[in-house]
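Written out below as structure tokens is the structure these notes cover.
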Amino acid sequence: MANILLEFEKPIVELEAKIQELKNFSSEKEIDLSDEIKTLQNKADSLTREIYGKLTPWQRVLLARHPERPGTADYIKLIFEDFFELHGDRRFGDDPAVIGGIARFNGQPVTVIGHVKGKDTKDNLTRNFGMPHPEGNRKAIRLMEQAEKFGRPVISFVDTPGAFPGIGAEERGQAEAIATNLTRMMSLKVPVIATVIGEGGSGGALAIAIGDHVAMLENSVYSISSPEAFASILWKDPAKANEAAAVMKMTARDLEELGVIDEIVPEPLGGAHRNKEEMAKILCRSLKKSLNGLMKIPDDKLLEKRFEKFRGIGQFVSG
Amino acid sequence: MFKDLFRKPKYVTVHADTAKKDIPEGLWQKCPVCNEIVYTKELDRDLKTCKKCGSYFKMGAWERIKATVDEGSFNELDAGMVSINPLGFKDYPEKITSAQQATKLREAIVTGEAAIGGRPVIIGVMDPNFIMGSMGSVVGEKVTRAAERAVEKSVPLIIFSASGGARMQEGIISLMQMAKTCGVLARLDKAGLLFISVLTNPTTGGVTASFASMGDIILAEPGAQIGFTGPRVIEQTIRQKLPEGFQTAEFMLEHGFVDMVVPRSQMKSTLARLLDLHSTGGYKNG
Ligand SMILES: [Zn+2]
């Protein structure tokens, strides 16, 4: 059960608390209240469906950033076996905002890489809120090249507000690190599956998301910048983030319609954070299906298709 | 330089305070660095270089092409390509129209076939005056087609970047242009072809974080602002003043991300020499 509540979650959680109360009362006093409980449960379910059926893009941004939303570390625990974390970019350091390593997925050795946000304030400072420095991007590409060497598919999880903007990050070539990842990932001779699990912010997200199959969880977002930055750049007013989210087309459905992603992975009712185990099961099924398909495709065909997929994105009139 | 000696007397400069009152529109321009008022015609002739302080004015795509390629050699590619409005973003079509009217360009990059020092190249030149040289679908597509043309013709690719980054109004579609341009450069690389990336003022954001950073050789103009995140955002994030000279061409040279800082007046000859060094086939064992 979630401890941190978003405004629109409150009526649902209040109703659920009432149901729990009735259940407790019923067992204490040995009175059969099953009909009443059932009625309330139905009401809670339909209320949840109603609220989640018409989430605004901004509400999805809030869900995507929910502090209790499962992250890369959760999925590694729940979906993979034998995870062996590997560290460092062999150039400068080890970036805690990105974790990666070798693991078994459904029996198959794979390389798994993802952004990690902190679970609390202290953890967030260590993880830098999931914002990679160049070292994080370079660690990611090192592990992907290693995966290529040993014929392991790559599974990546995107969950970052963006690449970190700082002095050191610029000095050590944030832009070059991202550009190199994009270029190298385009010719990586193993299947790459990228899933946006929370926030997919800008170049920092893209740097591990050049996938043969790109998926988004239902309530995740993926965009050119945060809605705050977007509002600040175009309207000189970061407070208009809510409006920005509405026009940026950053939800999973928007991106599917724009042809940028291949799949929307459904979340349990009420969002991934309300049932992590169920979310992991759904995600696991989705990954299995795409991996099985991709592992049948020969290398050269795989690269051709990967390039054509991104090559085809863009809307213009040739003139 | 002899040339400079002869030029000097012809060069007309007027001090800001006396000239301010009646500057005819377009005839004079004020140097953004030293505030000197300079004669536009002289400025055009001197590759948009301020005679007083030596700093560079922004150069439009066509001015740059004229200054860089052999006379009469330029053959434009995809000249008619224009943006549409993929997100249905309010006022974006109007913004494009007014940028087109102001710059006489269709989009923020001009690409074409040309020759430099007699060597054939495919060249792309971004224009910082067209919506800040931002990269949307058209810039992404034209860069990609330019690289594909270079592969097809087996000639080097040269791109002059000048960009505030990805174009916000095309949202995620702009972000994906980074992937697309890097993808085609991977192919150019595999074909063993030379890509020279020239970074001019400013080259930032999604353009730096994609094709502009992937040159086999990366040149930059003196003083050009080059980086990933804009200085204002960095200062807001880290709550710290940025050091002097941060994110300049010289800073990038010092930190190993640029091969050479080349003055505007030497850019064409530098490119010609580099093309010449790459013109005879490389040594292949056996
Ligand atoms: Zn000056």
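The values are calculated or read from the model by the stated rules, or taken from the named source; none is laboratory data. Remember, it's a predicted structure, so these values are computed and weren't measured experimentally. Here the Cβ is made from the backbone with ideal geometry for all residues, glycine too, and neighbour counts use every protein chain on show.
Mind checking which residues of the range B:1-43 are within 12 Å of the ligand (Cβ to nearest atom) and at pLDDT 50 or above?
Going through the range B:1-43, the residues within 12 Å of the ligand (Cβ to nearest atom) turn out to be B:13, B:16, B:29-38, B:43.
If the condition is that a residue be within 12 Å of the ligand (Cβ to nearest atom) and at pLDDT 50 or above, then B:GLN29, B:LYS30, B:CYS31, B:PRO32, B:VAL33, B:CYS34, B:ASN35, B:GLU36, B:ILE37, B:VAL38, B:LEU43 are the ones that fit.
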*Quick one: which of A:ALA244, A:ALA252 is out of contact with any helix residue (DSSP H, G or I) (no Cβ under 7 Å at 6 or more places or on another chain) and more than 7 Å from chain B (Cβ to nearest Cβ)?*
A:ALA252
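Would it be correct to say that B:ASP46 is modelled with pLDDT under 90 and either touching a Lys or Arg at 6+ places or on another chain (Cβ under 6 Å) or within 16 Å of the ligand (Cβ to nearest atom) (or both)? Give the steps one after another, and end with the answer.
Working: modelled with pLDDT under 90: no; either touching a Lys or Arg at 6+ places or on another chain (Cβ under 6 Å) or within 16 Å of the ligand (Cβ to nearest atom) (or both): yes.
When the stated conditions are applied, B:ASP46 does not pass them.
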*Say whether the condition of being touching a residue at least 24 places away in the same chain (Cβ under 8 Å) and surrounded by 15 or more Cβ atoms within 10 Å (Cβ to Cβ) is met by at least one residue in the range A:24-34.*
no
*Inspect the range A:131-139 for any residue being more than 13 Å from every other protein chain (Cβ to nearest Cβ), outside any helix (DSSP H, G or I) and over 24 Å from B:GLN177 (Cβ atoms) and give the result as yes or no.*
no
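Condition check ((1) under 28 Å from A:GLY271 (Cβ atoms); (2) in a strand (DSSP E or B)) across all residues:
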{"residue": "A:PRO70", "(1), (2)": "yes, no"}
{"residue": "A:ALA73", "(1), (2)": "yes, no"}
{"residue": "A:LEU78", "(1), (2)": "yes, no"}
{"residue": "A:GLY100", "(1), (2)": "yes, yes"}
{"residue": "A:LEU125", "(1), (2)": "yes, no"}
{"residue": "A:ARG142", "(1), (2)": "no, no"}
{"residue": "A:GLU145", "(1), (2)": "no, no"}
*Mind checking which pairs have a first residue in the range B:88-103 that is over 23 Å from B:VAL125 (Cα atoms) and more than 14 Å from every other protein chain (Cβ to nearest Cβ) and a second that is modelled with pLDDT of 95 or more and in a helix (DSSP H, G or I), Cβ under 8 Å, 6 or more apart or different chains?*
none
*asked:* Whether any residue in the range B:257-271 is basic (Lys, Arg) and farther than 21 Å from B:GLU63 by Cα is what I want to check.
replied: no
_Of the residues A:GLY168, A:GLY211, only one is free of Cβ contacts under 8 Å to residues at least 40 places away in the same chain and more than 8 Å from chain B (Cβ to nearest Cβ); which?_
A:GLY168
_Residues to consider are A:SER220, A:SER202, A:SER187, A:SER226; find the one that is within 25 Å of A:VAL112 (Cα to Cα), more than 10 Å from chain B (Cβ to nearest Cβ) and hydroxyl-bearing (Ser, Thr, Tyr)._
A:SER220
*Determine which single condition B:PHE89 fails, assuming it passes every other condition in (1) within 16 Å of the ligand (Cβ to nearest atom); (2) at pLDDT 90 or above.*
(1)
*Identify the single condition in (1) small (Gly, Ala, Ser); (2) surrounded by fewer than 18 Cβ atoms within 10 Å (Cβ to Cβ); (3) within 13 Å of chain A (Cβ to nearest Cβ) that B:SER83 does not satisfy, given that it satisfies every other one.*
(2)
*asked:* Cβ-Cβ under 8 Å, sequence separation 6+ or interchain: first residue in the range B:164-191 and more than 7 Å from chain A (Cβ to nearest Cβ), partner assigned to a helix (DSSP H, G or I) and modelled with pLDDT under 95. Which pairs?
replied: B:GLN169/A:LEU234
*Give the residues of the range A:47-59 that are part of a helix (DSSP H, G or I) and either surrounded by 11 or more Cβ atoms within 10 Å (Cβ to Cβ) or of a type in the set (Phe, Trp, Tyr) (or both), sorted by residue number.*
A:LEU47, A:THR48, A:ARG49, A:GLU50, A:ILE51, A:TYR52, A:PRO57, A:TRP58, A:GLN59
